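We did not get these values from a lab; they are worked out from the coordinates using the rules stated. The structure presented is a predicted model; accordingly, all values stated were derived computationally and were not measured. Here Cβ is always computed from backbone atoms with ideal geometry, including for glycine, and neighbour counts include all displayed protein chains.
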């Protein structure tokens, strides 16, 4: 079946309004303030607020796109507030012709293109020309809504998977607190990280965006989460030389630490254990790799320790704030950690690894869902041809 449809340039259908850094930013909402939209608001929760009326604003009918950073090209919608400097609001010129959710899924389909063509070395920036020249297939509004309904069913399935992951994270956190108690009152020996790390920490490597798409798996900041174990199912791939792979590959039980983040201080110092390697994996320049002395510290204990409120406070005190929040190797190695008996640490790790089979099945399922989702996105927009 085929449909009559129009192909229209993105620039003919949309306006793109760049955000800016607000003058006054608050951690709690006050009178006459609006949510200050940053990339960590993409989960629908507002953590910052501002009364700066000079800043551009977004509404729920707008699409928000990341213009700067490792996640350039990522989109979300249904947010209302003041737009931060790394984001832009996409506003539809004629909502009677182009459905907002249809456009959202279309731009989401183009994430890989927008991310790969981002410009800049230290901090990538979405290429506005590439964005504005996208060609949008525009069928009737009825067909657009049908496509949205199909894609939302898949989106809901992915959300259910995310809820399972969150439940597993809660189990890890709860078990840690039961076994080790209130860390602020712990009597075990405190040691700086430099005493439990073998050799020197290592920063990852930077590669230009045009080298991404195939080759060796590479972990980015966005792959490191609060669940202790690195999820390798959604890693990007990059073309590397044999020497680069050898220099930057990770080993079993290495710990990867986020070195810098656009999410603020709470986005730095997140730690994941490398586990169950089935092929070479490397790590990107915004990540630090640690090799631990496994005789005195268990990597699963380490990651869970610094995922507690107590551990996060220790890390955030050592982080610095500029364009991005960062923590350098020296400051990281100065952070203290309690060292309970290694037997107790290993016992906790055995609980973590007991979840491993579930996570492996979950990861395979997630990978299949992501592949299916991408195919569905592509085929949904091909329905118009």
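Pick from 85, 174, 225: which is most flexible by mean-square fluctuation in a GNM of the chain where alpha carbon atoms under 10 Å apart are linked? Comparing 85, 174, 225 in a Gaussian network model of the chain, the most mobile one is 174. If you plug the beta carbon distance of residue 186 and residue 125 into 1/(1 + (r/R0)^6) with R0 = 45 Å, you get a FRET efficiency near 0.50.
Projected label points at residue 277 and residue 60, each 7 Å from Cα along the beta carbon direction, are separated by 4.8 nanometres. Segment 7-138 has equivalent-ellipsoid semi-axes of 25, 17, 12 Å, by the square roots of 5 times the alpha carbon gyration tensor eigenvalues, sorted largest first. Applying 1/(1 + (r/R0)^6) with R0 = 35 Å to the Cβ-Cβ distance of residue 11 and residue 243 gives a FRET efficiency near 0.20.
Helix 309-318 and the longest principal axis of the C-alpha atoms of the chain enclose an angle of approximately 80°. Taking a label point 7 Å from the Cα of residue 351 along the Cα→Cβ vector, which residues of segment 168-211 have an amide N closer than 16 Å to it? Answer for segment 168-211: 168-183. At full extension, residue 296 and residue 26 could sit 93.0 nm farther apart than now, given 0.36 nm per residue minus the alpha carbon distance.
If R0 is 41 Å, the Cβ-Cβ spacing of residue 313 and residue 145 corresponds to a FRET efficiency of close to 0.30.
Kindly express, to the nearest 10 degrees and within the range 0 to 90, the angle between helix 342-354's C-alpha long axis and the longest C-alpha principal axis of the chain. Long axis of 342-354 versus the principal axis of the chain: about 30 degrees. Going by alpha carbons, how many degrees (0 to 90, nearest 10) lie between the helix axis of 141-180 and the longest principal axis of the chain? Once rounded, the angle reads 10 degrees. The label-point distance for residue 234 and residue 330, in a model that sets each label 7 Å from Cα toward Cβ, rounds to 3.6 nm. For segment 269-340, the square roots a ≥ b ≥ c of the C-alpha gyration tensor eigenvalues yield an a/c of 1.5 or more together with a/b not exceeding b/c, which makes the shape oblate. Averaging the sequence gap over all C-alpha pairs within less than 8 Å and six or more residues apart, then dividing by the number of residues, gives the chain a relative contact order of 16 percent. Using C-alpha pairs under 8 Å with a sequence gap of at least 6, the mean separation divided by the residue count of segment 1-119 gives a relative contact order of 29 percent. Estimated from helices alone, the mean residue ellipticity of the chain at 222 nm is -11000 deg cm²/dmol (sum of -39500 (n - 2.57) over DSSP H runs with n ≥ 4, per residue). Ordering 105-115, 255-265, 41-51 by mean Cβ neighbour count within 10 Å, with the highest value first, yields 255-265, 105-115, 41-51. Extension gain for the segment residue 18 to residue 252, taken as residue separation times 0.36 nm less the Cα-Cα distance, is 80.0 nm to one decimal.
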